[in-house]
Every structure is written in C-alpha cells, then in structure tokens.
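Trainee: Dropping a structure here in structure tokens format, bear with me for questions.
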Amino acid sequence: MTEPSAMTPFATLTPDHLLDALESAGLAPDGRILGLNSYENRVYQFGSDDAPMRVVKFYRAGRWSDEAIIEEHRFVADLAEREIPVAAPLRLNGQTLHHHADLRFAVFERVGGRAPELSDPATLEWMGRFLGRIHAIGALEPYRHRPQLDIESFGDAPRRWLLAHDFIPDDLRDAWESVTAQALDKVRRCFDRAGEVTRLRLHGDCHVGNVLWQESGETPGPHFVDFDDSRMGPAIQDIWMLLSGERQEMSRQLGDILAGYEDFHDFSTRELHLVEALRTLRLIHYSSWIARRWDDPAFPAAFSWFNTQRYWQDRILELREQVALMDEPPLWSQ
C-alpha cells in the first residue's frame with residue numbers, strides 16, 4: 001500500500017479503507033458515510049447496524065505524536081467524567097486512539113446542535129461557566145507532549161517559514177516583512193505588560209464553530225467539540241475568540257463571559273493585555289497553516305482566495321490595524 005505523503009496525506013483513505021479501519025476497532029459500519037467539514041484532519045459521520053450515528057476522525061500524519069493525541073483524549077475524557085459537555089473519544093477495545101495500516105483514528109458519539117447566540121448575555125454567561133470548569137480541570141496538571149501557545153510557535157516560526165517559501169508576491173514581500181516585524185514587536189510588548197501569566201490546558205480553538213448549542217435533552221446548552229488544537233496557554237485564548245464587534249460591544253461580551261467563568265475559576269485581568277496580541281499571532285499563524293498545507297488537494301479547493309495578490313494586500317492592512325490596536329488600553333469587562 002502506498003504510504004501517505006505531505007502532499008497527499010489522505011491519499012489512501014478510500015471508502016473501503018475507511019470501513020476496514022472502523023471494523024478493525026470492532027465496529028459494524030453499515031456503509032452510510034458523510035464527510036464533515038475538516039481540513040487539518042478528515043472527519044466523517046457514519047452509520048452502524050448496532051448503534052446510533054457516530055463520528056470518526058482520521059488524524060493528519062506527522063502533526064501530533066501518538067502520545068500527544070492520547071493525552072488530549074485523556075483531558076477531554078476527564079472533562080466528560082465531570083459532566084462537562086464535551087465530545088470525548090469512545091474507548092473501544094480498551095483504547096481511544098486506533099491504528100489501521102497507515103491511518104490513525106478516533107471515534108466519537110455524534111453531537112448535534114446549532115451555533116450559540118453570542119449576542120445573548122445569558123448564552124455568554126452560560127458558556128463562561130463551562131469554560132471556567134474546563135480551565136479549572138485544565139489547570140490541575142500540564143500537558144507533557146503538547147506545545148505551548150507562544151510567540152515563537154505562532155509568530156516567529158510561521159513568519160520565517162513564509163519568508164523562506166514563494167507565497168508572498170515579490171512586490172508585497174517588503175511590506176509584509178516590515179509589518180509582521182512591527183506586529184511581533186508589539187506582541188512582545190503586550191506580553192511584557194501582562195507579565196507572568198498562568199498557562200493551562202486549553203481547548204485552544206474555541207471559536208463559535210466548535211461550540212454546538214442544544215435547546216433540550218439531558219444537557220441543554222453549549223457542547224464543546226474538537227479539542228485537536230488543545231495546548232498549554234493563557235486562559236484568555238479560549239475567551240477572546242468569542243468576542244466580536246466594536247470595542248464597547250466586546251467589553252460587554254467579556255463581562256458576560258467572566259460573570260459565569262469566575263464562578264468556577266479565577267481570571268487574571270492582566271491577561272486582557274494579550275487579547276490583540278493573541279489575535280495578531282493567530283493571523284500570522286493562519287497564513288502559514290494554509291501555505292504549509294497547500295499541496296494537500298483539499299486546501300486549494302477550500303481556500304481558493306488564498307495566495308492571491310488581494311489576499312496578501314488584505315493581510316498587510318489587517319496587520320497594520322493590529323499594530324495600532326495593540327497600542328490601545330486593554331479591554332475591560334463591563
């Protein structure tokens with residue numbers, strides 16, 4: 001069998017191979033398969049003769065070690081055991097991470113729901129309570145095989161990689177190189193102003209697409225899914241991605257979230273210096289993430305707007321705005 005490469009990481013993941021993998025874990029798939037939105041990994045909903053619809057995630061080769069995947073699984077399972085509504089991997093044949101030929105995969109119960117209404121203060125407070133509970137557990141012990149969210153891994157390294165490869169148009173390269181240097185200098189100043197902050201196990205990618213809201217059932221409210229980007233970092237990383245709009249609106253949203261959050265976990269207001277810094281790091285990292293995956297056929301199909309002249313022009317303007325925002329006083333909850 002042909003081994004997957006960086007260019008075609010899921011080339012061997014045919015429908016037959018997928019079904020064989022599920023059967024190797026002791027499941028009885030009935031052939032119903034539906035691909036779900038996922039680019040870093042491949043995720044499918046599948047039917048079984050003897051169980052409700054479930055979800056299988058096939059992991060991208062080379063991204064995480066087995067140890068890093070398993071400790072994320074253990075963290076999420078620990079949250080589920082404490083009745084925090086998360087999508088935890090199922091333990092099948094005594095394990096959560098499975099191997100079949102060149103594939104690594106995990107199986108989850110299917111979680112339904114809609115996007116939460118982030119304009120509703122009660123919804124934000126409800127989500128804040130569960131984030132506080134997640135972080136209270138995340139603070140109990142560190143990850144040992146997963147990295148930290150830091151300036152090097154989310155800023156400096158992605159910048160170096162993009163400058164070393166032919167993605168930025170020649171006529172925009174100097175401008176992009178200059179603005180990213182300015183932006184990362186301001187990021188460092190933000191971290192200096194925040195001082196020493198506690199780093200804990202995070203969701204890591206807590207945007208609205210990774211929260212499913214259920215109106216009824218045993219656990220109505222938010223359900224947090226896809227901890228694949230979980231890593232060590234400051235608590236504000238899981239909060240700022242839920243904020244949007246003008247400064248006054250974000251301050252109100254922050255206050256609503258913290259009203260629930262601080263019922264279960266302390267929050268250091270020094271971390272508010274990091275909101276725009278973390279947003280800046282995400283912007284730089286995101287460009288690098290797409291570029292590094294560009295040889296995966298799924299990426300040009302999904303991100304057709306990437307790597308155009310307009311794309312890089314917009315990123316330069318965006319980062320210039322971030323440079324200015326990082327000079328402003330931090331958000332304050334209302």
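The values are calculated or read from the model by the stated rules, or taken from the named source; none is laboratory data. Here the structure is a predicted model, which means the values were calculated and not measured. All Cβ positions, even for glycine, are placed from backbone atoms using ideal geometry, and neighbour counts span all protein chains on display.
Trainee: Report whether or not residue 316 is under 13 Å from residue 183 (Cα atoms) and either part of a loop (DSSP other than H, G, I, E, B) or of a type in the set (A, V, I, L, M) (or both).
Mentor: Yes, satisfied.
Trainee: Let me ask something additional. Mind checking which helices (runs of 4 or more DSSP H) fall wholly inside segment 60-170 and carry at least 2 residues that are among the aromatic types (Phe, Trp, Tyr)?
Mentor: Values: elements: 66-81, 121-138, 157-164.
Hits in segment 60-170: 121-138.
Trainee: For residue 290, all conditions in the list (1) surrounded by fewer than 17 Cβ atoms within 10 Å (Cβ to Cβ); (2) without any contact (Cβ under 8 Å) to a residue 24 or more places away in the chain hold save one; what is the number of the exception?
Mentor: (1)
Trainee: Please return the ranges of helices (runs of 4 or more DSSP H) entirely within segment 218-293 where 2 or more residues are among the basic types (Lys, Arg) and over 22 Å from residue 80 (Cβ atoms).
Mentor: Per the criteria, 247-261, 275-292.
Trainee: Next question, about the same structure. Return the total of residues in segment 28-47 being over 22 Å from residue 229 (Cβ atoms) and surrounded by fewer than 15 Cβ atoms within 10 Å (Cβ to Cβ).
Mentor: Number satisfying all stated conditions: 5.
Trainee: A further question on this structure: Look through segment 305-334, keep the residues that are surrounded by 12 or more Cβ atoms within 10 Å (Cβ to Cβ) and of a type in the set (Val, Ile, Thr), and return whichever of them is farthest from residue 250 (Cα to Cα).
Mentor: It comes out as 316.
Trainee: Another question, then. Could you tell me which numbered condition residue 260 fails, if it satisfies all but one of (1) within 29 Å of residue 110 (Cα to Cα); (2) at pLDDT below 95; (3) small (Gly, Ala, Ser)?
Mentor: All conditions are met except number (2).
Trainee: Still on this structure, I have one more. Could you list, in sequence order, the residues of segment 83-127 that are in contact (Cβ under 8 Å) with a residue 12 or more places away in the chain and of a type in the set (S, T, N, Q)?
Mentor: Across segment 83-127, the qualifying residues are 93, 96, 123.
Trainee: Please go through segment 85-129 and give me each residue that is touching a Phe, Trp or Tyr at 6+ places or on another chain (Cβ under 6 Å) and surrounded by fewer than 17 Cβ atoms within 10 Å (Cβ to Cβ), ordered by number.
Mentor: Selection gives 114 alone.
Trainee: Is it the case that some residue within segment 38-51 is at pLDDT below 95, part of a strand (DSSP E or B) and more than 29 Å from residue 132 (Cα to Cα)?
Mentor: The answer is yes; a qualifying residue exists.
Trainee: Of all residues in segment 1-34, how many are in a strand (DSSP E or B) and either among the charged types (D, E, K, R) or at pLDDT 95 or above (or both)?
Mentor: 5
Trainee: Tell me the residue from 169, 158, 142 that is in the same structural domain as residue 260 (by TED's automatic domain parsing), buried (at least 20 other Cβ atoms within 10 Å of the Cβ) and over 29 Å from residue 117 (Cβ atoms), please.
Mentor: Unique residue meeting the criteria: 158.
Trainee: Would you check if residue 101 is out of contact with any Ser or Thr (no Cβ under 9 Å at 6 or more places or on another chain), among the small types (Gly, Ala, Ser), modelled with pLDDT under 95 and outside the structural domain of residue 143 (by TED's automatic domain parsing)?
Mentor: Numbers: out of contact with any Ser or Thr (no Cβ under 9 Å at 6 or more places or on another chain): no; among the small types (Gly, Ala, Ser): yes; modelled with pLDDT under 95: yes; outside the structural domain of residue 143 (by TED's automatic domain parsing): yes.
So residue 101 fails the test.
Trainee: With respect to residue 223, is the statement that it is under 28 Å from residue 320 (Cα atoms) and crowded, with 17+ Cβ neighbours inside 10 Å true?
Mentor: So residue 223 fails the test.
Trainee: Still on this structure, please answer the following. Any idea which of 245, 209 is surrounded by fewer than 20 Cβ atoms within 10 Å (Cβ to Cβ), under 15 Å from the mean Cα position of the chain (by Cα), at pLDDT below 95 and not aromatic (Phe, Trp, Tyr)?
Mentor: 209
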